[in-house]
Each structure stands twice: as C-alpha cells, then as structure tokens.
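The following block contains the structure, expressed as structure tokens.
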Amino acid sequence: MKCFPIFWLVLSALSGCQPPPPIDAPPVQITLPAGATFGVIVDTLTTRGLVGEPRIFRIYARMKGADTKIRAGAYSVPAGTSWADLLDLLTSGRVLTETLTIPEGFRLTQIAPRVGEITGLAPDSVLALLLADSMDFRWGVPGPGLEGYLFPESYWVARGAPLDSVVGAMIRQYREFWTPERVAQREALGMTEREVVTLASIVQAEARLESEMPVIASVYHNRLVRGQLLQADPTVLYALGGYRTRLLYAAMDSVADHPYNTYTQPGLPPGPIGAPGERALEATLHPAQTDFYYFVARTDGTHVFSRTLGEHNRNVALLRPEWERYRRERGQGQG
C-alpha cells in the first residue's frame, strides 16, 4: 500500500507502512546484541534508517505483541521494509548465517581461530575457553578436555553467535555419531569411547586416503593386542606442539617422557590428538582383518604395509631414494 505524507502517522501506526526507499538501495545490515532492551533496539533501527517514527513504531510493535519477542543476532533488512515485515523478520530470528567448516583432524589450536571469526571473539580467548578446566565434564565427553570431540563438519552459524552455542552444535554432532549399533561395536572391541576416539584421531592423522584407513587401523589394533609400542609419528608431533608433515627425530629427546610420545609410552596416549571424522571413527570401529604390524608412507601419500620388522626395514630402504628425491625437489634437504 502506498502511503501519502498527510496520512503517514496514522497509517504507520495501523499498518506499519514505510515510505518508498531510494531506487537500488542496498539491504541494511544490523546487529541486535543479546540482552538489548526494546528501547535500544528501536534506537538501532532508527539510526540505520529502518524506522522513521520511533515513538509510533514502539506503539505499533506493542500493539502487535512483538516488542518482547525480538531475537538477538545479525540481520539483513531490505531497504523500505514495512514495519510489519520488519517485526516479522526480527521476531522469527531469520538471522544472517555463515558457514563454519572444521576439517577432519583439526586440533583445538586450529579450530579456535575459525570459531573466533564467527563469534567475534579473539582466537586466544576462544582457545583459552576451550582449554579451560573441566570442559569435558561440562559437555559430557570422555576427555581429557575437548580435544577430539568438536566434530569436524560444516555448520551454519549465526554471525556473532555465543561460543557455547557453537561448541554445543559441534558436541551434538559428535554425540549423533554414537548410534546404538556403534556403541555395540565399540563394546565388542573391548574399547572405551575415549580409546576409540583417540585411536581414530591417530588413524585420521596418518591416512591420506580414506580407502587405507581400515588397514592403518588394523595395524594399530594389532600392535595394541600384542602389547607393542604404537610408534605413531603424529602423537610425537602433538607432544612437540607442531604441525610439521615430517617428524624430525632429533627433536624426540625433548619429549622422551611425554605421555603422548607413543615411541616411549605403551598403549594409547591419554586422549585424542585431533578431531577424527566419521570415516576414521568407522575405520577404527571396523578395522580390516590383517596381520600387518608396520607401514611406511610413499611420497604420494599411500602406504606400503608389512608383517614383520624385516619386511618393514626393506620397504623403508626401497623407498628412501624416492623420499630423498622428493625432499631435494622441494628444497628440504636431509634429516
């Protein structure tokens, strides 16, 4: 309905009509903070040009029963939106959302910056909150802490969402993985939930190809059954606090007694070293049936598996020229 100036105040109160916007006017971006009073919200709408008569708008919103139902968040409002449509938008909570993608294998130190960008918090602050004491008890995950339990996935998150809501979404996605059938399979393996996630995080870090995950999982399962050291390079890198793709063995002495050093500590480390995805978790719950105890990586990311240490050493020797050539081409030298 077109509004004429002489009837503007009356029609605004009755129908929420707005004067026509300039041609090709862009949408107006606004953010309504949590806990803001209705007066503060009206001031924001007025300042951004969405409401021209704040006093009458207040009366109109109260007549509609909308003044107590407006939801916090970031909104994109088309210029010239009527008061009726504006209140419908703000009370329905159709906030702007962004995609938050957490890749498989990410650690808390890598997750924090992405979460910070969405929530508007500094990455260091996010990380400190994620690493706070008793977070595993608070969120009901096996622990220790939240490492490994913020499920890697793509999430649609409202810009400026509270940290707890983002973490809660990730934890819910993690819990959804544990169907009754998967719990039964875990129990059949004689493993705790923490042990499965921990081993899956190692499988995730080792595997470049999804097809190899069940075989890599079988190697570690076989070592655990035999009581053999896992000797998983990614756990040592985790102990070192780095993200290098190649372990420098000279640095291992500095973490010789670290609980995550599976070259010196028996069994699984205390907890996950990253967030395993569904495929790594499935591979850990359903490992291939093999008699492999060793594997060595090729430069293309695939692996050669072997049954004995002698076979493994021969495979390492056969692949050494390939790796030396690979490192020379990338200027990495020896080590």
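Taken together, the values in this text are just the output of simple stated rules run on the coordinates, not laboratory data. From a predicted model like this one, the values you see are computed outputs, not experimental measurements. A quick note on method: Cβ atoms are made from the backbone with ideal geometry, for glycine too, and the neighbour counts reach across all protein chains shown.
Residue farthest toward the positive end of the dipole of the chain, with Cβ of Lys/Arg at +1 and Asp/Glu at -1: which of Gly116, Gly160, Gly241?
Gly160
Could I ask something else about it? If you place +1 on the Cβ of every Lys and Arg and -1 on the Cβ of every Asp and Glu, how big does the dipole about the Cα centre of the chain come out, in debye to the nearest 20? Intermediate values should be presented prior to the final figure.
Values: 32 positive and 34 negative charges, 108 e Å.
The calculated dipole for the chain is roughly 520 debye.
Suppose every Lys and Arg Cβ carries +1 and every Asp and Glu Cβ carries -1, with no other charges. What dipole size does segment 97-177 come out with about its Cα centre, to the nearest 20 debye?
Numbers: 6 positive and 10 negative charges, 21 e Å.
That gives a dipole near 100 debye.
Now for a different question. Please give, to one decimal in nm, the separation of the simple spin-label points placed at Ala79 and Leu309, each 7 Å out from Cα toward the Cβ.
7.6 nm
Which listed residue (Gln289, Phe305, Gly52) has the Cα farthest towards the positive end of the charge dipole for the chain, taking +1 on Lys and Arg C-beta and -1 on Asp and Glu C-beta about the Cα centre?
Of the listed residues, the answer is Gly52.
While we're looking at this one, here's another question. Which residues does a label at Ala122 reach in segment 160-175, if reach means a backbone N under 18 Å from a point 7 Å past the Cα toward the Cβ?
163
Per residue and in Å³, how big is the convex hull formed by the alpha-carbon atoms of the chain? Please report the intermediate quantities before stating the final value.
Numbers: hull volume 62.7 nm³, N = 335.
Spelled out: Cα convex hull of the chain, divided by residues, is 187 Å³.
Would you mind ranking Ser76, Ser218, Ser201 by Cβ crowding within 10 Å, fewest neighbours first? Don't skip to the end; give the middle numbers.
Details: Ser76 13, Ser218 23, Ser201 31.
Fewest to most other Cβ atoms nearby, the residues stand as Ser76, Ser218, Ser201.
Give the separation of the Cα centroids, segment 288-335 to segment 118-175, in Å.
About 37 Å separates the Cα centre of segment 288-335 from the one of segment 118-175.
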